[in-house]
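The values are calculated or read from the model by the stated rules, or taken from the named source; none is laboratory data. Keep in mind the model is a prediction, meaning the values are calculated, not measured. Virtual Cβ from ideal backbone geometry, glycine too; neighbours counted across all protein chains shown. Note: areas computed on protein heavy atoms with side chains; ligands, DNA, RNA excluded. Shrake-Rupley method; radii C 1.70, N 1.55, O 1.52, S 1.80 Å.
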Amino acid sequence: MRRHGRRNRRRTQGCRGLTDRGRAQAAALRDRFAAGREPEVHVVYSSPLPRARETTDIVLPVLGRGPERGNLHVHLHDDLEEMRLGPADGMTWEAARERFGFIQPMDQPYAPVVDGGESRADFRHRVAQALNDIAAAHAGKTIFVGCHGGIASAAMAMAFGIPPSHRGVGVVTSVTAITELELLDFNGRRLWQVRRFNDAAHLTAVEAA
């Protein structure tokens, strides 16, 4: 899975697409795949939110090998959206806090972050279900998932079996970073294995510019 490029950080999850820098970051990810040293991609999914979809569209032309290269299409999946904040979605963080008084403290993982939105437990369950469904639909295939930082974090929690109530170390991903997971079958038992996390080596030149 690959997180989208830079967006306006002063807003909640409501999305207006990438900044110019975000598009440069997505282009760096595209060039990394174009070099041919990443695993061959067979299927492409994306969150429907503009920042993830735009990042995916920038990378899409170089995905696949042979006759498939440039001919893959994007499957949009609503459950790959970032945490749903209900009436606070798209507001500035300052306005959202003033109006709704969120965010719920870490010791309340089953309470909505804001009334009308998801709880952290609901969000993690949604993400885990989506990733398991996608993997089951494309067994044996390498799947590119254009998503958000929260999706990558929830996927890591799923892989390591970390409950929503856990208050230990959290995980944060860089924009356009690659997180790679593999679904294995051990005698009928499905097991997610983390191959790499937050690989953003392609951003070195962009961040130095």
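Say whether the condition of being among the basic types (K, R) and closer than 30 Å to R32 by Cα is met by at least one residue in region 157-167.
Among the residues of region 157-167, not one is among the basic types (K, R) and closer than 30 Å to R32 by Cα, which makes the answer no.
Name the pairs whose Cβ atoms lie under 6 Å apart, with the first residue in region 38-65 and of a type in the set (D, E, K, R), the second surrounded by 18 or more Cβ atoms within 10 Å (Cβ to Cβ), and 6 or more positions between them or separate chains?
Once the first residue is of a type in the set (D, E, K, R) and sits in region 38-65, its partners that are surrounded by 18 or more Cβ atoms within 10 Å (Cβ to Cβ) give R51/H4; R51/R7; R51/C15; R51/L18; R53/S46; E54/L18.
Given the criteria in contact with a Pro (Cβ under 6 Å, 6 or more places away or on another chain), surrounded by fewer than 17 Cβ atoms within 10 Å (Cβ to Cβ) and farther than 29 Å from D57 by Cα, does S119 qualify?
no
Taking only region 125-168 into account, find how many residues are assigned to a helix (DSSP H, G or I), open to solvent by 70 Å² or more (accessible area, probe 1.4 Å) and either touching a Lys or Arg at 6+ places or on another chain (Cβ under 6 Å) or charged (D, E, K, R) (or both).
Summing the residues that are assigned to a helix (DSSP H, G or I), open to solvent by 70 Å² or more (accessible area, probe 1.4 Å) and either touching a Lys or Arg at 6+ places or on another chain (Cβ under 6 Å) or charged (D, E, K, R) (or both) in region 125-168 gives 1.
Report, ordered by the first and then the second residue, all pairs with beta carbons closer than 6 Å, sequence separation of six or more or different chains, a first member in region 180-209 that is under 16 Å from Q129 (Cα atoms), and a second member that is assigned to a strand (DSSP E or B) and among the β-branched types (V, I, T).
Pairs found: L181/V194.
Touching a helix residue (DSSP H, G or I) at 6+ places or on another chain (Cβ under 6 Å), open to solvent by less than 70 Å² (accessible area, probe 1.4 Å) and modelled with pLDDT under 95, is that true of T179?
No, not satisfied.
Give the residue that is nearest to E68 (Cα to Cα), with candidates limited to residues of region 22-49 that are among the basic types (K, R) and at pLDDT 95 or above.
R30
Between a residue in region 133-160 that is more than 14 Å from L76 (Cα to Cα) and any residue that is open to solvent by less than 30 Å² (accessible area, probe 1.4 Å) and assigned to a strand (DSSP E or B), which pairs come within a Cβ distance under 8 Å, given they are 6 or more apart or on different chains?
Short answer, once both residue conditions are applied: H138/V43; K141/V43; T142/V43; I151/V145; A152/T179; A155/T179; M156/T179.
Among the residues of region 78-95, are any small (G, A, S), surrounded by fewer than 17 Cβ atoms within 10 Å (Cβ to Cβ) and closer than 19 Å to G149 by Cα?
Within region 78-95, one or more residues are small (G, A, S), surrounded by fewer than 17 Cβ atoms within 10 Å (Cβ to Cβ) and closer than 19 Å to G149 by Cα.
Let me spell it out: the conditions are (1) part of a loop (DSSP other than H, G, I, E, B); (2) under 20 Å from the mean Cα position of the chain (by Cα); (3) over 30 Å from P39 (Cβ atoms), and S174 meets all of them except one. Which number is the exception?
Unmet for S174, out of (1) part of a loop (DSSP other than H, G, I, E, B); (2) under 20 Å from the mean Cα position of the chain (by Cα); (3) over 30 Å from P39 (Cβ atoms): (3).
Can you tell me which condition A52 does not meet? The list is (1) open to solvent by 40 Å² or more (accessible area, probe 1.4 Å); (2) touching a Gly at 6+ places or on another chain (Cβ under 7 Å); (3) of a type in the set (A, V, I, L, M), and all the others hold.
The one condition A52 does not meet is (1).
Go through region 177-194 residue by residue and tally those that are in a strand (DSSP E or B), of a type outside the set (F, W, Y) and more than 16 Å from the chain's Cα centre (by Cα).
Residues that pass the stated criteria total 7.
When P112 is evaluated against the numbered criteria (1) open to solvent by 30 Å² or more (accessible area, probe 1.4 Å); (2) out of contact with any Phe, Trp or Tyr (no Cβ under 9 Å at 6 or more places or on another chain); (3) within 20 Å of P163 (Cα to Cα); (4) in contact (Cβ under 8 Å) with a residue 12 or more places away in the chain, which criterion, by number, is the only one it fails?
Of the numbered conditions (1) open to solvent by 30 Å² or more (accessible area, probe 1.4 Å); (2) out of contact with any Phe, Trp or Tyr (no Cβ under 9 Å at 6 or more places or on another chain); (3) within 20 Å of P163 (Cα to Cα); (4) in contact (Cβ under 8 Å) with a residue 12 or more places away in the chain, the odd one out for P112 is (2).
Listed here are the residues, each with its yes/no results for (1) in contact with a strand residue (DSSP E or B) (Cβ under 9 Å, 6 or more places away or on another chain); (2) of a type in the set (G, A, S).
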| site | (1), (2) |
| --- | --- |
| V59 | yes, no |
| R65 | no, no |
| G86 | no, yes |
| G90 | yes, yes |
